[in-house]
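J.: One structure follows; several queries about it will come next.
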Amino acid sequence: MAKKKKSSNTSLTDQLRVPKGKVDLSDLDPRATPGYPGNGKKDAAERTLSLQPELSDLQERLYAAGRAGDPDAKRVLVILQGMDTSGKGGVIRHAIGMVDPQGVQLKAFKAPTAAEKRHDYLWRIRKAVPSPGMIGIFDRSQYEDVLTVRVNKMVPAATWRKRFAEINAFESELVDQGTTVIKCFLHVSRDKQKERLAERLADPEKYWKYNPGDVDERVKWDAYQTAYADVLTRCNTEAAPWFVIPSDRKWYRNWAVAQLLTEHLRALDLGWPEADFDVEAEKERLAQS
């Protein structure tokens, strides 16, 4: 995602997609609003809500194919990664929250359990891959094993370095099996993170959101920025590219993810499942009932 503003007729998918090559996060503005067609925060809620009819219709078509047992039913996986306070929960509430929850599979990846540690790091990820017809949401993901694990020196460097290729192969496998993978890096600035953490400490109604461990991780900001830059550089494949979502402005972040999801669903050219019964005969039976 370049700083230069692109023409309004360019899809947001193209504008937010990370270009090939080495990524430097300092070149990416977390307050930018690429592709936004309105007047900033003033009309953001309205514009985000205006996406709901199409987004809901597309999601229902996707879900219907899965429920009908279509062997070619697609699935969508949205991966949300970002520093603490970048807004993963906000995106889930305001963007993903516009679709039917029956068609959504949400998985938040915390520190692995003792049982999960007995398997390789991708084991728990594979178990959470969305079913046909579903939109899966990963709040954090396999990337924690080349981010948190790396920054906190939980495994040798040789171990996490080989995971880039393993993750690329895993995501390529998902795509080959009919999964559209949308990887969103919610890019928040250090100053904005501090501001949001302070807001949580200033309001008793937000204490539950505050985790003292967030400050411990904040001290390692530069190390995380380096680790994220490597992820965006080394796991930005044709099959599963990265999208950088500027996240200092919550209103833009929520609109952007909703728009990005809409564009990806639209590209699947989803139809409705054919009836597996005689429609006319059923109309007659119903009329006589």
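J.: Suppose the filter is open to solvent by 70 Å² or more (accessible area, probe 1.4 Å) and in a helix (DSSP H, G or I); does K162 pass it? Talk me through it step by step, then tell me what you get.
T.: Details: open to solvent by 70 Å² or more (accessible area, probe 1.4 Å): yes; in a helix (DSSP H, G or I): yes.
Here the answer is yes, as K162 does meet what is asked.
J.: Oh, and also: Given the structure, is V23 in contact with a His (Cβ under 7 Å, 6 or more places away or on another chain), within 30 Å of Q225 (Cα to Cα) and crowded, with 16+ Cβ neighbours inside 10 Å?
T.: Details: in contact with a His (Cβ under 7 Å, 6 or more places away or on another chain): no; within 30 Å of Q225 (Cα to Cα): yes; crowded, with 16+ Cβ neighbours inside 10 Å: yes.
For V23, the condition - in contact with a His (Cβ under 7 Å, 6 or more places away or on another chain), within 30 Å of Q225 (Cα to Cα) and crowded, with 16+ Cβ neighbours inside 10 Å - is not met.
J.: Same structure again: Within the stretch 109-158, which residues are touching a Gly at 6+ places or on another chain (Cβ under 9 Å) and surrounded by fewer than 16 Cβ atoms within 10 Å (Cβ to Cβ)?
T.: Of everything in the stretch 109-158, just one residue is touching a Gly at 6+ places or on another chain (Cβ under 9 Å) and surrounded by fewer than 16 Cβ atoms within 10 Å (Cβ to Cβ), namely S131.
J.: Look through the stretch 78-104, keep the residues that are assigned to a strand (DSSP E or B) and touching a Ser or Thr at 6+ places or on another chain (Cβ under 7 Å), and return whichever of them is surrounded by the most Cβ atoms within 10 Å (Cβ to Cβ).
T.: Q81
J.: Taking the options L106, L80, L122, name whichever one is within 15 Å of the chain's Cα centre (by Cα) and closer than 22 Å to C235 by Cα.
T.: L80
J.: Could you give every pair whose Cβ atoms fall below 8 Å, whose first residue belongs to the stretch 90-109 and is over 11 Å from V257 (Cα atoms), and whose second residue is open to solvent by 10 Å² or more (accessible area, probe 1.4 Å) and part of a strand (DSSP E or B), counting only separations of at least 6 or pairs across chains?
T.: Hits for this filter: L106/D139; K107/D139; A108/D139; F109/D139.
J.: Does N254 fit the bill of being among the polar types (S, T, N, Q), under 29 Å from G97 (Cβ atoms) and modelled with pLDDT of 95 or more?
T.: Yes; evaluated as a whole, the condition is true for this residue.
J.: Now a separate question. Residue under question is D57, and the condition is that it be open to solvent by 30 Å² or more (accessible area, probe 1.4 Å), at pLDDT 95 or above and part of a loop (DSSP other than H, G, I, E, B); does it hold?
T.: It is false that D57 is open to solvent by 30 Å² or more (accessible area, probe 1.4 Å), at pLDDT 95 or above and part of a loop (DSSP other than H, G, I, E, B).
The values are calculated or read from the model by the stated rules, or taken from the named source; none is laboratory data. Please read these numbers as outputs of a predicted model, since none were measured by experiment. Every residue, glycine as well, gets a Cβ built from its backbone with ideal geometry; the counts of neighbours run over all protein chains shown. Note: accessible area is taken over every heavy atom of the protein model, side chains too, but ligands, DNA and RNA are not part of it. Shrake-Rupley method; radii C 1.70, N 1.55, O 1.52, S 1.80 Å.
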